[in-house]
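Student: Please find one structure pasted underneath; my questions will follow.
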Amino acid sequence: MTRILVVDDSEVDRRVAGGLLQRESIYDLSFAPNGREAIASLRESPADLVVTDMQMPERDGLELVRAIRLNFPQIPVILMTAHGSDELAMTALREGAASYVSKTHLNERLAETVEEVLAITRADRTYERLIGCLDRTELDFTLDNDPALIDPLIDLVQQMAAGMRLCDTNDRFRIGVALKAALLNALYRGNLEISCDQMLTARDGLLVGEGLQLVRQRLHASPYCQRQVKVEVVIRPELARFRVCDEGPGFDVAAVLASTSAAPLDAPSGRGLVLMRAFMDSVEYNARGNEVTMTKRRSPTRSDSET
Amino acid sequence: MADESKNSPPSNGSSVASLIDWNAGRQTVGGDEALLLDVAQAFLVEAPIQLDGIRKSLDVQDARLLRRMAHTLKSSARIFGILPVCELCFMLETAGEQESFAGTRESYDKLAALMDRVIVEMKRTLPPGGAA
């Protein structure tokens, strides 16, 4: 059974998060009131995933993220953010957290985000040793509007990136999260022209191609159904570049970037872009707004930091 | 639970029943009544401790403790839509962040009075076998 450690200094918030996750009945939950006890708990019995508050005594969320990245890099961390902790949370996202959920949206998003991150961390490692011998890889995909293709593509890219020593375990799933956000955006917002509000109301079913009548209609209607998503992936040991291009009309890049930069983390939209910008070293759009290029440089290793 | 406290917006009026928005709580826990009861019981135990923590932080002028305690109580109060408590906690949290204690004692006194009413209302409206 998947073990999840919930860390929060508030018993009230621990019960809310624990209760919402317990409804899934597929998790073995444990709890800690602060970062220090969380690390002690992980040393005793490692978890598959950690969900943590940001503001806590005796090691806050940021310190916990840093400690987990150092000592348990294979364990992803999801932040529970509250008004007033955005700055701390953004730093934690840049330094190792895998995703975030606003405390005001726990009911709608916590279980979904946990599953999303767990799915990305379960990537197949069959070819890890062989990939370790690769010097450079370049992959070009042309995808139909089929969400079922997204997870296998991400698995493959994660294997390549980790196998070629571009990133540590932690950055491996952060690359997966960022790439998934870009692909979902290209497919739904770009090719199918589903608006942000429509996306929010139908989020649960989107990953399996269900949940919104408009999506089902557009998957078979012209011009949407002829559109494809082009994905270019270049990975070298020191750098990876991901270009995702849809065939939709594009969007006002400057306006979206400005609104996302100014919005708090509990804003209902823009979450994908927040994660892409936190996890990649650069995120750039073309002028039309239908193509994003993300660059990830090699993660500093412990031996790098020691020298 | 009395109907008037289910949907009525929190206010600083005289009605004790208007402080807690149980529907906000239900929304937070996805309509799970058992979980709502569990969370409310935790609130009854924990909120007075946090309030006391705020008082102690003012006594010893510990800005960091003030910020954290006010932040946590604000987060718990928001679950039940207790907006006047959230607003006062936000003021105290900001004071802690800015390390400025001016006016914090008055805010605390208002908060303590409000919290007395919240605790009374929550205890009164929680039936023995279920939430509100």
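The values are calculated or read from the model by the stated rules, or taken from the named source; none is laboratory data. For clarity, every value in this text was computed on a predicted model and none was experimentally measured. As a convention, Cβ positions derive from the backbone with ideal geometry for all residues, glycine included, and neighbour counts pool all protein chains shown. Protein only, heavy atoms only, side chains kept; ligands, DNA and RNA dropped before computing areas. Shrake-Rupley method; radii C 1.70, N 1.55, O 1.52, S 1.80 Å.
Student: Which residue out of B:D21, B:D3 is within 21 Å of A:A82 (Cβ to Cβ), more than 12 Å from chain A (Cβ to nearest Cβ) and modelled with pLDDT under 95? Please lay out each step first, then the result.
Tutor: Details: B:D3 fails: within 21 Å of A:A82 (Cβ to Cβ).
That would be B:D21, the only listed residue that is within 21 Å of A:A82 (Cβ to Cβ), more than 12 Å from chain A (Cβ to nearest Cβ) and modelled with pLDDT under 95.
Student: Scan the stretch A:40-53 for residues that are within 13 Å of chain B (Cβ to nearest Cβ) and open to solvent by 30 Å² or more (accessible area, probe 1.4 Å) and jot them down. Reasoning before the result, please.
Tutor: Our first condition is that a residue be within 13 Å of chain B (Cβ to nearest Cβ); within the stretch A:40-53, this holds for A:53.
Within the stretch A:40-53, no residue meets the criteria.
Student: Against the definition (in contact with a helix residue (DSSP H, G or I) (Cβ under 7 Å, 6 or more places away or on another chain) and surrounded by fewer than 17 Cβ atoms within 10 Å (Cβ to Cβ)), how does A:R94 come out, yes or no? If you could, list the steps in order and put the result at the bottom.
Tutor: Values: in contact with a helix residue (DSSP H, G or I) (Cβ under 7 Å, 6 or more places away or on another chain): yes; surrounded by fewer than 17 Cβ atoms within 10 Å (Cβ to Cβ): yes.
Answer is yes for this residue.
Student: Then there's this: For the stretch B:84-97, enumerate the residues that are open to solvent by 80 Å² or more (accessible area, probe 1.4 Å), in contact with a helix residue (DSSP H, G or I) (Cβ under 8 Å, 6 or more places away or on another chain) and more than 10 Å from chain A (Cβ to nearest Cβ). Walk me through it before giving the result.
Tutor: Initial filter on the stretch B:84-97 (open to solvent by 80 Å² or more (accessible area, probe 1.4 Å)): B:87, B:90-91, B:97.
Subsequent filtering for residues that are in contact with a helix residue (DSSP H, G or I) (Cβ under 8 Å, 6 or more places away or on another chain) retains B:90-91, B:97.
The answer is B:M91, and nothing else.
Student: To continue, here is another question. Mind listing just one residue for me: the one in the stretch B:66-83 that is open to solvent by 20 Å² or more (accessible area, probe 1.4 Å) and either touching a His at 6+ places or on another chain (Cβ under 6 Å) or more than 9 Å from chain A (Cβ to nearest Cβ) (or both) and, of those, nearest to B:M122 (Cα to Cα)?
Tutor: Taking the stretch B:66-83 first, the residues open to solvent by 20 Å² or more (accessible area, probe 1.4 Å) are B:67-69, B:78, B:83.
Filter once more, so that each one left must be either touching a His at 6+ places or on another chain (Cβ under 6 Å) or more than 9 Å from chain A (Cβ to nearest Cβ) (or both): B:69, B:83.
Numbers: B:M69: 21, B:L83: 15 Å.
Ranking the candidates gives B:L83 first.
Conditions tested, residue by residue: (1) at pLDDT 90 or above; (2) among the small types (G, A, S); (3) surrounded by fewer than 16 Cβ atoms within 10 Å (Cβ to Cβ).
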| residue | (1), (2), (3) |
| --- | --- |
| A:Y224 | yes, no, no |
| A:E238 | yes, no, yes |
| A:P249 | yes, no, yes |
| A:A255 | no, yes, yes |
| A:D266 | no, no, no |
| A:T293 | yes, no, no |
| A:S299 | no, yes, no |
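Student: I've got another one for you. Being touching a helix residue (DSSP H, G or I) at 6+ places or on another chain (Cβ under 9 Å) and either facing chain B (nearest Cβ under 10 Å) or assigned to a helix (DSSP H, G or I) (or both) is true for just one of A:E37, A:E58, A:E63. Which residue is that? Walk me through it before giving the result.
Tutor: Details: A:E37 fails: touching a helix residue (DSSP H, G or I) at 6+ places or on another chain (Cβ under 9 Å); A:E58 fails: either facing chain B (nearest Cβ under 10 Å) or assigned to a helix (DSSP H, G or I) (or both).
So the residue among A:E37, A:E58, A:E63 that is touching a helix residue (DSSP H, G or I) at 6+ places or on another chain (Cβ under 9 Å) and either facing chain B (nearest Cβ under 10 Å) or assigned to a helix (DSSP H, G or I) (or both) is A:E63.
Student: Of all residues in the stretch A:66-107, which are of a type in the set (D, E) and within 14 Å of chain B (Cβ to nearest Cβ)?
Tutor: Within the stretch A:66-107, the first condition is being of a type in the set (D, E), and the residues that meet it are A:86-87, A:95.
Answer for the stretch A:66-107, where residues must be of a type in the set (D, E) and within 14 Å of chain B (Cβ to nearest Cβ): A:D86, A:E87.
Student: Let me ask another. Which is closer than 25 Å to B:A40 by Cβ, assigned to a helix (DSSP H, G or I) and over 18 Å from the mean Cα position of the chain (by Cα), of A:L29, A:L20, A:L70? Walk me through how you get there before you give the answer.
Tutor: On the way: A:L29 fails: assigned to a helix (DSSP H, G or I); A:L70 fails: closer than 25 Å to B:A40 by Cβ.
Being closer than 25 Å to B:A40 by Cβ, assigned to a helix (DSSP H, G or I) and over 18 Å from the mean Cα position of the chain (by Cα) holds for just one of A:L29, A:L20, A:L70, which is A:L20.
Student: Hey, could you check the stretch B:30-47 for residues that are free of Cβ contacts under 8 Å to residues at least 24 places away in the same chain and open to solvent by less than 70 Å² (accessible area, probe 1.4 Å) and say which is farthest from the other protein chains (Cβ to nearest Cβ)?
Tutor: Applying the first criterion (free of Cβ contacts under 8 Å to residues at least 24 places away in the same chain) to the stretch B:30-47 yields B:30-32, B:35, B:38, B:42, B:45.
Filter once more, keeping what is open to solvent by less than 70 Å² (accessible area, probe 1.4 Å): B:30-32, B:35, B:38, B:42.
Details: B:G30: 4, B:G31: 9, B:D32: 7, B:L35: 4, B:D38: 5, B:A42: 5 Å.
The qualifying residue farthest from the other protein chains (Cβ to nearest Cβ) is B:G31.
Student: Moving on. Limited to the stretch A:10-22, what total is found for residues that are within 7 Å of chain B (Cβ to nearest Cβ) and either touching a residue at least 60 places away in the same chain (Cβ under 8 Å) or closer than 17 Å to A:L42 by Cα (or both)?
Tutor: Let us first name the residues in the stretch A:10-22 that are within 7 Å of chain B (Cβ to nearest Cβ), namely A:10-13, A:15-16, A:19-20.
Imposing the further condition that a residue be either touching a residue at least 60 places away in the same chain (Cβ under 8 Å) or closer than 17 Å to A:L42 by Cα (or both) reduces the set to A:13, A:16, A:20.
Looking only at that region, the number is 3.
Student: Does any residue of the stretch B:48-58 turn out to be open to solvent by 50 Å² or more (accessible area, probe 1.4 Å), away from chain A (no Cβ under 12 Å) and over 24 Å from A:D53 (Cα atoms)?
Tutor: no
Student: Give the residue that is farthest from the other protein chains (Cβ to nearest Cβ), with candidates limited to residues of the stretch A:23-34 that are out of contact with any Ser or Thr (no Cβ under 9 Å at 6 or more places or on another chain) and buried (at least 17 other Cβ atoms within 10 Å of the Cβ).
Tutor: Here is the first cut: in the stretch A:23-34, the ones out of contact with any Ser or Thr (no Cβ under 9 Å at 6 or more places or on another chain) are A:23-25, A:29, A:34.
If we keep only those that are buried (at least 17 other Cβ atoms within 10 Å of the Cβ) as well, we get A:29, A:34.
Working: A:L29: 13, A:N34: 11 Å.
Among those that are out of contact with any Ser or Thr (no Cβ under 9 Å at 6 or more places or on another chain) and buried (at least 17 other Cβ atoms within 10 Å of the Cβ), it is A:L29.
Student: For the stretch A:73-89, give me each residue that is open to solvent by less than 20 Å² (accessible area, probe 1.4 Å) and part of a loop (DSSP other than H, G, I, E, B). Before you say what the answer is, go through the steps one by one.
Tutor: Keep residues of the stretch A:73-89 that are open to solvent by less than 20 Å² (accessible area, probe 1.4 Å), which gives A:75-82, A:85, A:89.
If the condition is that a residue be open to solvent by less than 20 Å² (accessible area, probe 1.4 Å) and part of a loop (DSSP other than H, G, I, E, B), then A:I75, A:P76, A:A82, A:S85 are the ones that fit.
Student: Restricting to the stretch A:134-166, name every residue that is exposed (fewer than 15 other Cβ atoms within 10 Å of the Cβ) and under 20 Å from A:Y224 (Cβ atoms).
Tutor: Residues satisfying the conditions are A:T142, A:D144, A:D146, A:A148.
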